[in-house]
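J.: Sharing a structure with you now.
The values are calculated or read from the model by the stated rules, or taken from the named source; none is laboratory data. Computed from a prediction, not measured in an experiment: that's the story for all the values here. Methodologically, a virtual Cβ is constructed for each residue, glycine included, from the backbone with ideal geometry; neighbour enumeration extends over all protein chains shown. For accessibility, only protein heavy atoms count, side chains too; no ligands or nucleic acids. Shrake-Rupley method; radii C 1.70, N 1.55, O 1.52, S 1.80 Å.
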Amino acid sequence: MATSLGSNTYNRQNWEDSDFPILCQTCLGENPYIRMTKEKYGKECKICARPFTVFRWCPGVRMRFKKTEVCQTCSKMKNVCQTCLLDLEYGLPIQVRDTGMSIKDDMLRSDVNKEYYTQNMERQIQNSDGTRPVGMLGKAQNPSDMLLKLARTTPYYKRNRPHICSFWVKGECKRGEECPYRHEKPTDPDDPLADQNIKDRYYGINDPVADKLLKRSSSMPRLDPPEDKSITTLYIGGLGENLTDSELRNNFYQYGEIRTITLVQRQKCAFIQFATRQGAELAAEKTFNKLIINGRRLAVKWGRSQAATGTDVKDGFDEMGTGLEPVPGLPTTLPPPPALEEEAPANYFNLDPSSSPALMNISLPPPPRLSNPLPPGFGAPMFHPMGPPPPPPMALRPPGHIHYPSQDPQRMGAHAAIRHSE
């Protein structure tokens, strides 16, 4: 072995000694306070076969213990995590990242050439500032749209779960709830994801996980522009609490002139209206499933027209700044009443408008005659013979005469008022 202690072909000073591993957020766990065990030269790297410092820790409660698998030199050459071998920037397998960035693997595989290549890469890493990757990865072009769509922006802690208990599968596990392994039914043993080789994953060849992601990218949905050419508004969903309109403007101004930006903090969304349809289409094409601001992937959709929303819209938005869909089953807006040529007078009693005003005063039929005389005080009112005659019935009054009850001489107190006036 090239790292044998008795051989003089390898310099032990090149063995790796580090104070902290290079890990992704998923492998590190969600607990900010963890304990790690450190063992110098505890294991050889599974890629370059050189001894390196091994770290071991538990990422969280009910999680399995994890440890570093490759040395930091191999990790820096590919910009990957020392444990899961996924890209530190995009969270994707190396094969998917190299395909999206058009990188061809030029690493040597034989033992002697691999040591020579590793020593040259170590010199480049020492001479660099540490902010950019070295080798072909540092010379790569900008990431493609496919890479931005597949990139993982949040940690996936489910990957740290314990392995399945083989004794439970055979029905022989006696630990019960104290068993540190999962008591679940295993997946299909013929599944290609169950057979992964760490070297194939590192070199980016024959990786079943990468093949699955590449097939998924070919069938991802697209955002087609609406047929209504007057729509120039984009809906941005999934905003954080601290996102401002200036950050949105800095990300969208490059696609065209922006007319307005409306933030709706209650619903954590925003509406961006462009001055031209061409700018809105370019922004939708460049940002759909690829817009990441402050580590959050934002949803991009086209806005709806005023006719499609069915609500009163002001400057493209309602009172809350959002377009609300019409509720099914409710009646639509009533049409306005037809305009009348001449306003007819109000007829509150449904009388015939062709009749004269004098005939509108319909007289009541006379009361029926009683065979027995009424007792005193229950008959018709008796008028004083010296007083004024009673007023004529309503049907016999002239058309222009208006009767006011206060002018009736037979009302209570009218005689006393006449005597005082005399």
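J.: Compute the separation of the alpha-carbon centres of the stretch 191-238 and the stretch 37-51 and state it in Å as a whole number.
T.: 34 Å
J.: Output the peptides 159-169, 40-50 sorted from most to least packed, where packing is the average of other Cβ atoms within 10 Å over each peptide's residues.
T.: Top to bottom by mean Cβ count within 10 Å: 40-50, 159-169.
J.: May I pose another question? Can you list the equivalent-ellipsoid semi-axes of the stretch 93-227, largest first and in whole Å, using the square root of 5 times each Cα gyration tensor eigenvalue?
T.: One finds semi-axes of 35, 26, 15 Å for the stretch 93-227.
J.: Another question, then. How long is the gain from Arg222 to Gln265 if the chain were fully straight, where each residue apart is worth 0.36 nm and the alpha carbon distance is subtracted?
T.: Fully extending the segment from Arg222 to Gln265 adds 12.8 nm.
J.: What residues of the stretch 153-171 lie in the reach of a label at Arg56, counting those whose backbone N is under 17 Å from a point 7 Å from the Cα along Cα→Cβ?
T.: Hits in the stretch 153-171 for Arg56 at 17 Å: 162-163.
J.: Okay, moving on. Quickly work out the Gln278-to-Cys173 label distance, labels modelled 7 Å from Cα along the C-beta direction, and quote it in nm with one decimal.
T.: Taking the two extended label points, one gets 6.3 nm.
J.: Moving on to the next point. Nearest-5 percent of antiparallel DSSP beta bridges in the stretch 11-220?
T.: In the stretch 11-220, DSSP labels about 90 percent of beta bridges as antiparallel.
J.: Residues of the stretch 66-90 with the amide nitrogen closer than 18 Å to a label point 7 Å from the Cα of Ala140, along Cα-to-Cβ, please.
T.: 73-90
J.: Please give the contour-minus-distance gain from Ser166 to Lys229: 0.36 nm per residue of separation, less the Cα-Cα distance, rounded to one decimal in nm.
T.: This chain segment gains 16.6 nm when fully extended.
J.: Evaluate the charge dipole of the stretch 233-305 about its Cα centre and quote only its size in Debye, nearest 20, assuming +1 on the Cβ of each Lys and Arg and -1 on the Cβ of each Asp and Glu.
T.: In debye, rounded to 20, the stretch 233-305 gives about 220.
J.: Identify, among Gly279, Asn250, Leu239, the residue whose Cα sits farthest towards the positive end of the charge dipole of the stretch 233-305, taking +1 on the Cβ of Lys and Arg and -1 on the Cβ of Asp and Glu, with the dipole about the Cα centre.
T.: With unit charges placed on the Cβ atoms, the residue in question is Leu239.
J.: Order Phe271, Phe65 by their accessible area, 1.4 angstrom probe, all chains in place, largest first.
T.: Highest to lowest solvent-accessible surface, that is Phe65, Phe271.
J.: Now for a different question. I need the calculated FRET efficiency for the pair Lys212 and Ser305, taking r as the beta carbon distance and R₀ as 35 Å, to the nearest 0.05.
T.: Plugging the Cβ-Cβ distance into 1/(1 + (r/R0)^6) gives 0.35.
J.: Could you tell me the accessible area of Phe20 in Å² (1.4 Å probe, neighbours in place), rounded to the nearest ten?
T.: Near enough 120 Å² of accessible area.
J.: Under a Cβ-only charge scheme (Lys and Arg +1, Asp and Glu -1), can you give me the dipole magnitude of the stretch 11-220 about the Cα centre, in debye to the nearest 20?
T.: Here the size comes out at about 420 debye.
J.: Contour minus end-to-end for Glu285 and Arg159, with contour as 0.36 nm per residue of separation and end-to-end as the Cα-Cα distance?
T.: Gain on stretching Glu285 to Arg159: 42.1 nm.
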